[in-house]
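Everything below concerns the one structure shown next.
The values are calculated or read from the model by the stated rules, or taken from the named source; none is laboratory data. These numbers come from a predicted model, not from an experiment. Cβ placement follows ideal geometry from the backbone for every residue including glycine, while neighbour counts extend to all protein chains displayed.
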Amino acid sequence: MAGFIERNGPLSTGKRSFTLSDTLKRLSSFGMFYDDLVLRQSQAIGPVEDEFGYGQMNQMGLDDDNMYGAFAALSMADTTMRKNIPFFDQGYEGKRDELRKFSTHDEIEDILDILCDESIVYDNKNFIGNPELIGMDVSEEVSKYLNKSFRDIYQYFGFNSDQSAWYFFRKFLIDGYLSFEIIYNPEQDQIIGFKEIDPITLMPGYNKDDGKKVWVQFKDDPVKERVLYDAQIIYLSYSSITTASRVSYLERLIRSFNLMRIMEHTRVIWAVTNSSYRMKFIIPVGGKSKTRAKQSLAQLMGNYKEVVDFDWDSATLATNGKPMLQFNKEYWLPSKEGESPEIETLGGEGPELSDTEALKYFNDKLKMVSKIPFNRFMYEDGGGDFNLAADGMIRDEIKFSKFIKRLRSTFQEILVKPLWLQMCLKFPEFKDDAGFKTQIAIQFNEENMFAELKQMEIMEKRLDFISTMQDSLMKTDPVTMEEMPYFDMEFLVDRYLKLSPDDKASNEAYKQRQAAEDAEEPEVDPMDMGF
């Protein structure tokens, strides 16, 4: 089977064998403890099967050997497979070209820059974040290897030497898809690099021989076709295959931008057409016939006719093919009764061009659908006020912070997946630990401090309330007759502080680590210190 067994191509001098290790094949499973058992036992028809036609897309049945037709079965059985696939969208390639062209407009570039600058924040070492294990206590060896592997993977992507992480995030917002091949050293099962792949060429599938998830590249192409295990592919998708959603973030801006641009164009057109000086000519034609009169007038009009062309992309104006505008327009009309020429000036009445309320409305509409707070666009006021007081935080900042987190949660797979794979290769005991996979995350660098300050203020008020509850209501012990708090501290913490299970587990892990360090420190005899 091409790809993970052999690789041929026009540049090959012969067969180049590449065999993936059993460990990596194991890591390419659906993430559950089965191979194809769920596929075999399922009786219902999944939503993708129903949309594309049952029996056409999923032709496997129980005995079909066609691994390429297994995507519908995969999507119906694998609840983690919620990514849209451009391979099945025949019109996506053309749409992507339009989205990339659309992203070059000044207003759209500004929106993308604001969003990327907020999501991808570099520190002084050119890192966008750091890895962390949330709510999981691991040995120092595991912790050190986690950080080392992260730095290696970060370097293999080239993120430490340039701004490519920022540009990949921007590309993700425009295209809606990103995909990479994870390149291994087969002798050591070590990640040694990455290669960007066009997502259009990839199709998910199911290898019936070993029950593992695979990706087929350039399906049915006798020269280019490759079959790669899931452990060899990083695949990011903005939209979900199980819901009706846009292909990318940029797609949501198209309608509002076009409406705003139409309003701008109408203003420009009206200003251009009404800035010309108009004149009307009445030309006597005497006793000529109607046909001869039209011919004479047509000849005169041809001498004065002009064609005005406005380029919407470059905003350039051309008159009769030349970059100039005639500010004098003349109109020639025949007259049978009059014997003497008439010349008069025509006025150019129209709406007040200084009125920009309609234009401002559509401009604000574009800002609203971008999900970016309005104060980020207040350039005339210095970019808006930057107030660190959490009590003055507006709701738009909270919503914007949540939106950034959703984008980051998808984009972080570009680093989390290879990091998890490398950890499983180094420590095989983690490959069957579902909890370990869920605990690896990237702690992105933050620049938007509003949400953090608001959370700190809320926690401070919760602590004050808990302290008040603990001290205000007391009861008397019937034996010792001593006063003691009515509420248990653990109850108050669980009920009102609202710590997550991961937060509490992390707190316990730190306490145990500190206790272990204190136990290892030898006690110092005061006599040895000269006292």
From the option list Arg96, Arg151, single residue qualifying as within 18 Å of Ile254 (Cβ to Cβ) and part of a helix (DSSP H, G or I) is Arg96
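Condition (residue is surrounded by fewer than 14 Cβ atoms within 10 Å (Cβ to Cβ) and more than 17 Å from the chain's Cα centre (by Cα)) applied to region 167-179: is it met by at least one residue?
Scanning region 167-179 turns up no residue that is surrounded by fewer than 14 Cβ atoms within 10 Å (Cβ to Cβ) and more than 17 Å from the chain's Cα centre (by Cα).
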- prompt: Looking at Leu407, is it over 25 Å from Asn124 (Cα atoms) and of a type in the set (A, V, I, L, M)?
  reply: no
Looking at region 170-192, can you tell me whether even one residue there is at positive phi and modelled with pLDDT of 90 or more? yes
Taking first residues from region 96-125 that are among the hydroxyl-bearing types (Ser, Thr, Tyr) and second residues anywhere that are outside any helix (DSSP H, G or I), the pairs with Cβ under 8 Å that are 6 or more apart or on different chains are Ser119/Phe444; Tyr122/Ile128; Tyr122/Gln163; Tyr122/Asn445
Residues in region 162-199 that are closer than 26 Å to Lys25 by Cβ and among the aliphatic types (A, V, I, L, M) total 6
Of the conditions (1) closer than 30 Å to Ile442 by Cα; (2) modelled with pLDDT of 60 or more; (3) not in a helix (DSSP H, G or I), the single one that Asp113 does not satisfy is (3)
Subject >> Filter pass, Phe444 being under 16 Å from Ser119 (Cβ atoms) and touching a helix residue (DSSP H, G or I) at 6+ places or on another chain (Cβ under 6 Å) >> reply: yes
Inside region 113-148, the number of residues satisfying the requirement of being of a type in the set (A, V, I, L, M) and surrounded by 19 or more Cβ atoms within 10 Å (Cβ to Cβ) is 4
* over 22 Å from the mean Cα position of the chain (by Cα), at pLDDT below 60 and assigned to a loop (DSSP other than H, G, I, E, B), is that true of Tyr68? -> no
